[in-house]
Amino acid sequence: MPLGRNLFLDLLARTTVTDVAIELAPTEVLFRQSSRAIHLRPFVFRDVSRARATILSVGGEPLAAPSYQRVEILDAGCVTDPPGLKYDCLEAFLTFGLIQVRRRNSILLCPLVHVRGMQQTSAAFAGYGSSILRHALLSAGARECVIH
């Protein structure tokens, strides 16, 4: 991609994209941008009949699926098999939340994301919560991540 295009997209993102705030709690995650707020329960359902993580639903009950597993992404007691699956579920959860709160119209422009409440959920990732959450948010579409 030509350098001018990268500079243009970066300038456009910094001047037109409103920041997104995420407030973490053990029972609910709030995604907020301007006056729009989305409340999601911090779990996903995945299809266990497939080897690769296939997400069936985020924050709600799955539709009709023969075999599924509920993955609590902010619960320290939730153990997944394989071990990296919890990160994949976290990334899918954050991607869904960012798309919903941003109204899908600015999907190509990546926001700056502010995260609050990390201390309440830090046990879920064995002390690596900040770095795992930051990496998952960048993979989910954030331009930058600031953890307060």
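Each reported figure results from applying straightforward, stated rules to the coordinates on display, with no laboratory input. Every value quoted in this text rests on a predicted model; they were computed, and no experiment measured them. Here the Cβ is made from the backbone with ideal geometry for all residues, glycine too, and neighbour counts use every protein chain on show.
One quarter of the convex hull surface, Cα atoms only: what value does that give for region 85-141 in nm²? For region 85-141, averaging the hull's shadow over all directions gives 3.9 nm². Near ALA124, once Lys and Arg are set to +1 and Asp and Glu to -1 for all other residues with Cβ below 10 Å from its Cβ, the sum equals -1.
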